[in-house]
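Here the structure comes first, spelled out in C-alpha cells, and everything after it is commentary.
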Amino acid sequence: MKEAAAPIAYRIRRSERARRVRVTVDPARGVEVVLPRRAPEREAAAAVRELRPWIERRFAELDRARQAIADRGATVPYLGQPLHLRSEPQRTRVHRRGDDLLVPTGDHRPALERWYRRAARTEIAARLDIATTQAGTPYTTLTIRGQKTRWASCSRTGAMSFNWRLLLAPEPILTYVIWHEVCHLQIMDHSPQFWALLQNRWPEYRDDQRWLKRHGATLVL
C-alpha cells in the first residue's frame, strides 16, 4: 500500500484586498495562503491540496537555487561574468576594480545590493535608450526596484520599471526583458500581436523566457 504523502505546512494571511485564494512559496517563510477576509479556512487547505504538485516543484526549484548560490563561492554574477568579492576593513561602499568587487567586511549584502541598484540604472538606461530609439517608441521615466515577483513593468504613460536583480543574469536575459517592455510601449497586453512583435524584435525570446523560469530563483545575493 502506497504511503500517504506528508501534509504540507502552511500559514494563512487574511487580506482585505484579496478577491480570491492565492498560494505563494517563499524561501524564508515557506507556504503562505492568502485568503479574502470572509473566506472560510477550509479553502486554504483545499488550495494547498490542489496545488501540491506545483508547491513541490517550487520547493525543488528553491533547493536548486540554494545549491547554485552556494556553488558561487566568493563570487557574484554580473551579466554573465563572475566578480570576485574582496573584503576590506573600514569600507562602507562597494567598489569595482576590474573583476574584483571590494566589499565591507561582515554582512556585505546591503552594500552590495546598493551597488547593484546603482549599476542597474546605468546598464539598463543605456540599453533601454537604444531599444526605444530603434523601435521609435520613447518612454517617460525609468525606475529601478527590487520586486519579488516581477522582473519589469511598463505603464500606459510610458513609465518603465526594472528589477536590479536582472544584473545577476546573463546579458541576453536583461536585453530580452528590456525588449519585452519596449514592445509594451506599443501593445500593452499579451495578445498574439504582442508576441509576434516581440518575435520580430527579439527572436530568441522563448529561450530567454525558459531560462528565467528555470533560473530566476537563483538571481539573489
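Apply the Karplus curve 6.51 cos²θ - 1.76 cosθ + 1.60, θ = phi - 60°, to the phi angles in the stretch 147-157 and return the couplings in whole Hz, x for Gly and Pro.
Each residue's phi maps through the Karplus curve to give 4, 7, 10, 10, 8, 6, 7, 9, 8, 5, 8 Hz.
When the Karplus curve 6.51 cos²θ - 1.76 cosθ + 1.60 is applied with θ = phi - 60°, which whole-Hz ³J(HN,Hα) does each residue of the stretch 25-31 get, with x for Gly and Pro?
With the stated coefficients, the stretch 25-31 comes to 10, 10, x, 9, 9, x, 8 Hz.
Between Arg52 and Glu204, what is the label-to-label distance in nm when each label sits 7 Å out along the Cα-to-Cβ direction?
If labels sit at Arg52 and Glu204, their model points lie 4.1 nm apart.
Looking at the stretch 66-110, I'd like the Rg to Rh ratio, where Rg is from alpha-carbon atoms and Rh is Kirkwood's inverse mean 1/r.
Checking Rg against Rh, the ratio lands at 0.97.
Tell me, what does the Kirkwood hydrodynamic radius of the stretch 70-161 come to in angstroms if you use every pair of distinct C-alpha atoms?
Across the stretch 70-161, the inverse of the average 1/r is 15.1 Å.
For Asp100, list long-range residues whose amide hydrogen, built 1.01 Å from N in the peptide plane, is under 5 Å from its own amide hydrogen.
Placed amide hydrogens put His84 under 5 Å from Asp100.
Within the chain, what percent of beta bridges assigned by DSSP are antiparallel, to the nearest 5?
50
At a temperature of 25 °C and a viscosity of 0.890 mPa s, determine how fast the stretch 1-149 diffuses translationally according to Stokes-Einstein, using the Kirkwood radius over alpha-carbon pairs as Rh; express D in µm²/s, rounded to the nearest whole number.
Here the translational diffusion coefficient equals 125 µm²/s.
On a C-alpha basis, how far is the centre of the stretch 71-145 from the centre of the stretch 163-221 in Å? Whole number, if you could?
The stretch 71-145 and the stretch 163-221 have Cα centres spaced 19 Å from each other.
In nm, what is the difference between 0.36 nm times the number of residues separating Arg214 and Ala159 and their Cα-Cα distance?
Stretched fully, the Arg214-Ala159 segment lengthens by 17.0 nm.
Every read-out reported here was derived from the displayed coordinates using simple, explicitly stated rules and does not represent laboratory data. None of the values given here were measured: they were computed from a predicted structure. Glycine gets a Cβ as well: all are built from the backbone with ideal geometry, and neighbour counts include every protein chain shown.
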